[in-house]
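Here's the structure, in structure tokens; my notes come after.
Every read-out reported here was derived from the displayed coordinates using simple, explicitly stated rules and does not represent laboratory data. All of these numbers come straight from a predicted model, not from anything done at the bench. Don't worry about glycine lacking a Cβ; one is built from the backbone with ideal geometry, like all the others, and counts go over all protein chains shown.
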Amino acid sequence: MLVQGNWGENLWRKGRSFVSTMQSSCITPRIMDKTQYDTIIVGGGTSGSVLAARLSEDAHRNVLLIERGGDHSSYDDKVLKAERVWDAAASRRFSRTRRMRFPGNFLRNNITVGHTLGGTSAINAMAAVRGQPEDYDAWSELGCEGWSWQDVLPVFKKLENDLDFQDTKLHSSKGPLPLRRWRPTEFSLAQNALYQGVQEMGVKVCDDVNDRSKLPGVGSFPGTSRNGTERVTVSLAYLTPEVRQRANLTIVTDCPVGKVEFGKGPEAKRVIGVRTQDDRLILGKEVIVSCGALGSPQLLLLSGVGPQEELARHQIPPVHDLPGVGRNMQEHVGTCFIYRGPYEEEMIGSPAKVLWADDYDGNGDINFHISAAPVRSGPIIGTISAVPVYHMLPTTRGAVTLNRKNPHGFPDCDLNFLTHPQDLAALQKIVARVLEWEQTRAFKDWGAIRLFPRPTPNTLKKVKWAKQVKTISYFHAVGTCAMGSVDDSQAVLDSQCRVHGIEGLRVVDASSMPRIIRGNTYLCCTMFAERVAEFMNK
């Protein structure tokens, strides 16, 4: 059943219905008709949508999904049209943005997360890259049982409906999430210049960037789209009208949760439910937090679970001292080259189309991503295109802490970009590959002028420039509630994502990953939820 959120007004736009009512509480009477839910999922984003669909397959389990943003019935063309990615990410209806502390002169000094049913899958570039098999084997070596590549490959196949590689050892056409690779005929001029230029440099073409045996190489991003022009979010794929009609599934939108509630006395470390920000208590036997790499540690901290000093700083009554909450934050660090091409172009499809996944030392290890994307086009300016470059194996670790002024507001985040000399050296080597590409015939035939960075290529190679580099985020933050052994002081979760030292509480999303993968984390978050649902449904 669906219980709609109630902040806003009745709207009808472009044939889509937006239904909500202004009331004093985000919890309607219908949500309170059960004395206790078996499972409460906080966060209806990428992972939360999957969990709600899979866990409610058990008709004996009453599931409640609570999302602080709007329902996916409110999606408009900013979300649904692939070429409007930038508009979706900038929309306050669908996203939350906060300026973050990045070092150096900032090129993009903010971090953005999804704020709607479907979460960040409604505002990202739809890039469905799994990462490398070695990434998951490394998780297993850290003590995360059940997360090796051989464990997760069947789960990746389970979630996808691959429209290009139907049923193979690596892919399946039977899952709910459609994947389609962008065709070279759909590339922009900048994307084509990158695609053709790196081939001149000796880089091989890869028809499937999710096949490790074909990397390093240059190929097309798989995107979560059926036809290349319209986005399919995880909530649209998993929370279908048929799923939402299940009597044991309740979905509430526009409802921020303030904290997880625990029992008293000897039950002080056992979950009893959640409390909304307007002080309504909802009872549940188990709570799953799926609020993302920033939101999940924030909710745990607000609930009294986390580093003792952080709780004391905000005068939050402690429930359980867990030093790893909010720590171990990892993100793909990058910088961005900006070019102006001479011709106006039609913006077609997602900006994430061509992907160069390679290594900077020639040893075959995948440690950088380079792509190209048109940003703006017009008859006078031609086309402004971005060529972002990312280091995929960061050494530095950051942290998420509660907002100093408003603990319930967007949390503070320190990514510590390039504070480790190894990361700085790696980014210099990746930049050198871009400068090499600028010398190819394909780049010169494009006819573009580099607008940023302005120094000459020789200057770009100098350490002085690299130390002042304008850093950007790939929006792939992970690790802030990481899985790990109970003997690991920084581990927050066990291998089934249960919070150490707490009964009835799990965290399932990007924050649960112990180490960042060498790929876009979107598909991994979908897989993560599928895998935990398998654990819970056994």
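Computed values, structure above
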{"quantity": "DSSP-defined antiparallel bridges as percent of all bridges, the chain, nearest 5", "calculated": "65 percent"}
{"quantity": "Helix-only mean residue ellipticity at 222 nm for the chain, each DSSP H run of n ≥ 4 adding -39500 (n - 2.57), per residue, nearest 500", "calculated": "-6500 deg cm²/dmol"}
{"quantity": "Too-long pairs where the Cα-Cα distance tops 28 Å, listed order kept, from Lys81/Lys169; Lys259/Lys405; Lys157/Lys353; Lys353/Lys429", "calculated": "Lys81/Lys169"}
{"quantity": "Formal net charge of residues neighbouring Leu142 (Cβ-Cβ distance under 9 Å; K, R +1; D, E -1)", "calculated": "-1"}
{"quantity": "Candidate aspartates and glutamates for bridging to Lys158, where Cα separation is under 14 Å - those fewer than 8 sequence places away on the same chain excluded", "calculated": "Asp167, Glu530, Glu534"}
{"quantity": "Anchor Lys78: aspartates and glutamates whose Cα lies under 15 Å away (excluding residues fewer than 8 positions away in-chain)", "calculated": "Asp87, Glu230"}
{"quantity": "Pairwise FRET efficiency - Ser148 versus Ala268, Cβ, R0 = 41 Å, nearest 0.05", "calculated": "0.70"}
{"quantity": "Cα extents of the chain along the three principal axes, largest first (Å)", "calculated": "70, 51, 46"}
{"quantity": "Point-to-point label distance, Gln166-Ser485, nm (Cα→Cβ direction, 7 Å offset)", "calculated": "4.7 nm"}
{"quantity": "Crossing angle, helix 149-159 versus the chain [Cα axis fit, 0-90 degrees, rounded to tens]", "calculated": "80 degrees"}
{"quantity": "Dipole magnitude of the chain about its Cα centre (Cβ charges: Lys, Arg +1; Asp, Glu -1), debye to nearest 20", "calculated": "1380 debye"}
{"quantity": "Excluding exposed DSSP-loop chymotrypsin sites (Phe, Trp or Tyr not before Pro) (at most 15 other C-beta within 10 Å), longest clean stretch of the chain", "calculated": "107-342"}
{"quantity": "Hits among aspartates and glutamates - C-alpha to C-alpha of Lys285 under 13 Å, sequence gap 8 or more where chains match", "calculated": "Asp38, Glu261, Glu267, Glu503"}
{"quantity": "Phi-based couplings in Hz for segment 375-386 (Karplus 6.51, -1.76, 1.60; Gly and Pro marked x)", "calculated": "10, 8, 9, x, x, 9, 7, x, 10, 8, 10, 10"}
{"quantity": "Given 10 as the ceiling on other Cβ atoms within 10 Å, longest exposed-site-free region of the chain for GluC sites (Glu not before Pro) in DSSP loops", "calculated": "10-345"}
{"quantity": "Computed FRET value (nearest 0.05) for Glu503 with Asp207, which takes r as the C-beta separation and R₀ as 56 Å", "calculated": "0.70"}
{"quantity": "Phi-based couplings in Hz for segment 277-292 (Karplus 6.51, -1.76, 1.60; Gly and Pro marked x)", "calculated": "5, 9, 6, 9, 8, 10, 7, x, 6, 9, 10, 10, 8, 9, 9, x"}
{"quantity": "For Phe368, distant residues with modelled amide H under 5 Å away", "calculated": "Asp358, Met392"}
